[in-house]
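Undergrad: Okay, here's the structure, questions in a sec.
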Amino acid sequence: MIPPMTITDQILPGPHGDLPVRLYPVPDGVPCVAGLVWAHGGGFMYGDLDMPEADHVARTLAAQGVVVVSVDYRLCPPIDQEDPSAPLEPGGVRFPVAHDELVLAFRWAVGADLGAPAGSWSLGGASAGGNLAAGASVHLRDDAAADGATGPDGAADVPPSGTAAQRAPRSTVLAYPVLHDGLPAPSP
């Protein structure tokens, strides 16, 4: 059973406009062991913070001691699966908008006082969110290395508790990520 927790929605000033995030704090009485910035799936075209892949996963992790920041990144316009060459519906975004939003959300979470121990933040996602998490993790690692924030082994610096802000994810959590070089053709 998942204990009660006070979940809050927040709007971050994002690189492409307001970015909604949902905070899942660790319930009272549960020690906070880590932080996770999470991106839902949905084929880049669908999904939101209320789908089980976002909400249930975040609640379950928070109940186990992981504070979660779930990101409602911007979606691209739906593709006509029957005719992929058909014009796209108006609205939506293209790369790198959702990627930029996930990078911003990670940097915000690390800098905010959300209760996770210093150096414990990871970045993850499912399906399309896994793709975004993988790309954002590489981006954050490379930015940290370019700024000289690397450890003795050359890896991006993930400081221990009580030191400077974390620059790159401690780990990347990928649940059935979309990482194809090209998407397979639709099939029955």
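Undergrad: Counting only residues 5 or more places away or on other chains, whose amide H sits under 5 Å from the amide H of Val178 once H atoms are built in the peptide plane?
TA: Ser127, Ala128, Gly130, Asn131
Undergrad: Taking the chain as a Gaussian network, where each spring joins two C-alpha atoms under 10 Å apart, which residue of Ala126, Ala112, Ala63 fluctuates the most?
TA: Highest fluctuation among the options: Ala112.
Undergrad: Relative to the longest principal axis of the chain, what angle (0 to 90°, nearest 10) does the C-alpha long axis of helix 97-111 take?
TA: 10
Undergrad: Let's test the formula: R0 of 30 Å, r as the Cβ-Cβ distance of Leu88 and Asp9. What FRET efficiency results, to the nearest 0.05?
TA: 0.55
Undergrad: Which log10 I(q)/I(0) values, to two decimals, does the chain give at q = 0.10, 0.11, 0.19 Å⁻¹ under the Debye formula with one point per Cα?
TA: Each listed q corresponds, in turn, to -0.41, -0.50, -1.29.
Undergrad: Once you've got the GNM for the chain with C-alpha springs shorter than 10 Å, pick whichever of Val21, Val68, Val93 has the biggest mean-square fluctuation.
TA: Judging by the Gaussian network model, the answer is Val93.
Undergrad: Okay, moving on. For Gly14, enumerate residues with amide H under 5 Å from its amide H, sequence gap 5+ or separate chain, H modeled in the peptide plane.
TA: Under 5 Å from the amide H of Gly14 lie the amide H atoms of Leu19, each far enough along the sequence or on another chain.
Undergrad: Give the accessible surface of the chain per residue, rounded to a whole number of Å², with probe radius 1.4 Å and ligands, DNA and RNA excluded.
TA: Per-residue value: 52 Å².
Undergrad: Taking the Cα atoms of segment 4-86, report the difference between the largest and smallest coordinate on each principal axis, in whole Å and largest first.
TA: Extents along the principal axes, in whole Å: 54, 27, 18.
Undergrad: Something else: Karplus couplings for segment 171-188 from phi (6.51 cos²θ - 1.76 cosθ + 1.60, θ = phi - 60°), rounded to Hz, Gly and Pro as x?
TA: Result, rounded to whole Hz: 8, 10, 9, 10, 9, 5, x, 8, 10, 5, 5, x, 5, x, 5, x, 9, x.
Undergrad: Here's a follow-up. Under a 10 Å cutoff between Cα atoms, tell me which one of Val71, Val30, Val97 has the largest fluctuation in the Gaussian network model of the chain.
TA: Evaluated over the chain, the most mobile residue of the options is Val30.
Undergrad: Sorted by mean Cβ packing within 10 Å, highest first, what order do the peptides 166-172, 38-44, 137-143, 81-87 take?
TA: My ranking of the peptides, most packed first, is 38-44, 166-172, 137-143, 81-87.
Undergrad: Given H placed on each backbone N at 1.01 Å, which residues far from Val37 in sequence or on other chains put an amide H within less than 5 Å of it?
TA: Amide H to amide H, under 5 Å and 5 or more residues apart or across chains, Val37 pairs with Val69, Ser122, Leu123, Gly124.
Undergrad: Explain nothing, just compute: Karplus ³J(HN,Hα) = 6.51 cos²θ - 1.76 cosθ + 1.60, θ = phi - 60°, for every residue of segment 140-145 in order, whole Hz, x for Gly and Pro.
TA: Residue by residue, segment 140-145 yields 5, 4, 5, 4, 5, 5 Hz.
Undergrad: How large, in percent, is the carbon and sulfur part of the accessible surface of segment 1-86 at a probe radius of 1.4 Å?
TA: 58
The values are calculated or read from the model by the stated rules, or taken from the named source; none is laboratory data. The model shown is predicted, which means the values in this text are computed figures rather than measured ones. Cβ: placed from backbone, ideal geometry, glycine included. Neighbour counts: every protein chain shown. These accessible areas exclude ligands, DNA and RNA; they are computed on the full protein's heavy atoms, side chains included. Shrake-Rupley method; radii C 1.70, N 1.55, O 1.52, S 1.80 Å.
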